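The values are calculated or read from the model by the stated rules, or taken from the named source; none is laboratory data. Keep in mind the model is a prediction, meaning the values are calculated, not measured. Neighbour counts run over all protein chains shown; Cβ positions are idealised from the backbone, glycine included. Heads up: the accessible areas ignore ligands, DNA and RNA and are worked out on the full protein's heavy atoms, side chains in. Shrake-Rupley method; radii C 1.70, N 1.55, O 1.52, S 1.80 Å.
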Amino acid sequence: MRYLFIFLLFCSLQSFAQQNAVDSIIRIIEKSKTKTGVDTILFETAYNAIRKTALNDVAINNLEKASTGLTTDPDDYFGYSVKDAIFYNLAQTDKYKAIDYGKHWVELLEKSKRPNALIVRSDFFRQLRIPYRTSDKLYEGFGYFNEKLKTYKSNNDSAGLSVCYTVLSGFNRIIGLVDQSIYDLKKSLTYIDTVPQHEKNYGEFKKSNGYYLWANNNGLLGAQLILNGEYESGIKYLNIYRKNPEQPADYFFVNLALAKIMLNQLDSVPSYLDSAETIAVNTKLFRDIPFILQTKAFYKIKTGALQEAEMLLQKCHASIDSSKLNAFTTVGTVFPDYYLALIRIQQNRWSEARDFLKKDIIYLRKNRLEVLRDDKLLAEVYKKIGDIKGAYETNEHFIALQDSLLADQNRYRNISFETEQQINEKELSINKLQSESKVSTLIRNFTFGIVALLSILAGFIYYRFKTKQKDNLILQEQKVEIQSQRTELQKSLTELKSTQNQLIQKEKLASLGELTAGIAHEIQNPLNFVNNFSELSIGLAKELKEEVEKFDIPAKDKEYVGEIVSDLNSNQEKINHHGKRASSIVKGMLEHSRTSTGEREPTDINKLADEYLRLSYHGLRAKDKNFNSDYKTDFDESLPKLNVVPQDIGRVILNLINNAFYAVNERAKQQLSRAELSESLKLSESLYAPLVTVSTKHIGDKIEISIKDNGNGIPEKIKDKIFQPFFTTKPTGEGTGLGLSLSYDIVTKGHGGELKVESEEGKGSEFIIKLKI
């Protein structure tokens, strides 16, 4: 009973204190009223107190009444400022009530006839983003602002449209749709220049309109572009923001520093970060400090000062805890544990890096872009630790999150498209009605004149028509003849260009072949010495070991000498292995650059493909007894013989078939490993049957050769790189990266054909060669 009494007494005292605080604010507001207007210093004191005092419904009503009629100004700036302070207060203390309060005033101000109600409405409308973003009503906010977007477009309300696009940009950034966020900011900028410029005497509300908003949105766009990896463009927009006559905000300097770090232009970074921190402290924007500290730590990591970076990140953590910040702030996303993980990775402390990344993923759970980044790095850390299960589960989470992001991207893109489509349809309907009205008026006014004119001109038109008809017939015949000549000329020009390109390519390859042959010869001589003497040293080491065994020396000394000889033998074997690998690379370079000495001759493509398919299969079986794969052919028997260099085209087919067999063999190995990890997977994994299919088709004036496999497929992000010289996905020592590059040159430059790839991850790849008959 005593505790209940204490609790009730505490509530009463708290309520009494709250009421006293509100009464004090009202007295200050009343005192600020003077005969000549409003004492702005007193009013600002009341304004700041409202933003910091806990308010209930009664207090809100009393404050609104007290602020009514402060001046005779029809726009009543001071009265609106009190409501703005109440709204700010609720956004910090009761987000749901803040949403209702803000929407209420937006609706009232939209109906207002006061001259500058539009300016104030824009501020309330913009501030509504805060409770939506910091509560669980973000998706409800999407719906509300998209509905407003339709209304403002219908009403041609540029002020509402500029703010609406600004807010939607922030929403899209939170859910990870950076491209859509950038699009929204650019749309916002197209409307701001038509917003009424009533800034001079309108206090805080100017920040939602006119030049200030234009400058601010340029700065936000710069920050978004930097987040998207477009650093140079981001710096350009940030510098536009810098033209703002007011002092630049801290986010300008910290994002500029971040862009310079990513571009590795580190000289100016410390001064930018110091400026950002000074502004944040002077303007009491303490919620921005963690992001600035985090960026400083990133700079220290880039410069190798890992200990200093870790100290800054610890301060960042302390600042987050003291301010109770969530990850998303006004200047950027805070994730100190990610950078701590980067430090641990550089220190080879993989387990600690894993723990930091897992902690960061929990903290950033709503920020999908950063979680995707963490998942990717965490999977690599798991692999380093040897935790295959952890890597697999992390990868599964990465894929699910990526699918969610793509789904939202399509969802919100459709909303924007439908909105614009509806407005465009309305505009088209209005324009059509206006056009029809104009046409009707013209017809009514000029009908009689047109009839008279037509009667006079009818005979003349008939005569001209017949004459024109004859002239057109002659012109048409001439046009057909000219078109035929043009087609022939175009065909000749195309053939000439093709021949010219082939001749140029042959000359280039010949010159490159001579140069490469000389270099390869110079490299091969020392390589031969390395390989020969390493083989000889291996033999000598073995003989030395045998001779040591014959001597009567203490067992401990004999064992020590034996270890030294074994190490010598092992070192020589490694030298020999890498020497041979270097020789194979030199050989590949020679093959890639040499010009073919073979002449073109009529060739049976079906026979050539079948021969190299079997050659590849039996060659791989000879190298690896565990290799096994099925293959089949589907040849078009109607193929004519093709005029090609058979050795070169055969080399292309052999390269592609070898790659296909390699792909299916790798998938078979991977699935066998997964099945060994889990008994439940053994049955499903055993259903995989490696298969390579080689087929030919006669399509029009071309022959198509297809090499298809059911391996793992090629990831989308490396498709554009596979035909580049020295690019390979095979482990070190298993490929030079010259096979596909050489094949591409032979097909496209040597034979004027096409070589393309179609692939889907998890299902396989198909390489298609097209050659003209």
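So, R0 is 30 Å and r is the distance between the beta-carbons of Glu393 and Asp179; what FRET efficiency does that work out to, to 0.05?
Details: r = 29 Å, r/R0 = 0.97.
The calculated FRET efficiency here is 0.55.
If R0 is 51 Å, what FRET efficiency do you get for Ser271 and Ile699 from their C-beta distance, rounded to 0.05?
Details: r = 64 Å, r/R0 = 1.25.
The pair Ser271/Ile699 has a calculated efficiency of 0.20.
Mind checking the stretch 694-773 for GluC sites (Glu not before Pro) that DSSP puts in a loop (not H, G, I, E or B) and that have at most 16 other Cβ atoms within 10 Å? Display every interim value, and only then the final one.
Values: sites: Glu704, Glu716, Glu734, Glu754, Glu758, Glu760, Glu761, Glu766; in loops: Glu734, Glu761.
For GluC sites (Glu not before Pro) across the stretch 694-773 that sit outside H, G, I, E and B with at most 16 neighbouring Cβ atoms in 10 Å, the list reads Glu734, Glu761.
Contour minus end-to-end for Leu489 and Ser638, with contour as 0.36 nm per residue of separation and end-to-end as the Cα-Cα distance?
50.5 nm
For the residue pair Ser404 and Gln478, what label-to-label distance in nm results when each label sits 7 Å from Cα along the Cα-to-beta-carbon direction?
7.1
Using alpha carbons only, what's the Rg to Rh ratio of the stretch 129-193 with Rh from Kirkwood?
On the way: Rg = 11.3 Å, Rh = 11.7 Å.
When Rh is taken as the Kirkwood radius, the ratio is 0.97.
Once the Cβ-Cβ distance between Lys302 and Ile523 is put in as r, and R0 is 35 Å, what FRET efficiency do you end up with, to the nearest 0.05? Walk me through the numbers on the way to the answer.
Details: r = 37 Å, r/R0 = 1.06.
For R0 = 35 Å, the calculated efficiency reads 0.40.
In the stretch 381-402, which residues have a backbone nitrogen under 16 Å from the label point lying 7 Å from Asn348's Cα in the Cα-to-Cβ direction?
Output list for this probe position: 384-386.
In nanometres, what is the gap between the two model label sites at Arg27 and Leu108, each 7 Å from Cα along Cα-to-Cβ?
2.7
Multiply the residue gap between Asp321 and Thr748 by 0.36 nm, knock off their C-alpha separation, and tell me the result in nm, one decimal place.
Details: separation 427, 0.36 × 427 = 153.72 nm, distance 6.15 nm.
Stretched out fully, the Asp321 to Thr748 stretch lengthens by 147.6 nm.
Keeping all protein chains in the complex and leaving out DNA, RNA and ligands, what accessible area do you get for Met262 with a 1.4 Å probe, in Å² to the nearest 10?
80
Starting from the Cα of Ile718, step 7 Å along the direction of its Cβ; do the same at Glu573; then give the gap between the two resulting points in nm.
My value for the distance between the label points is 2.9 nm.
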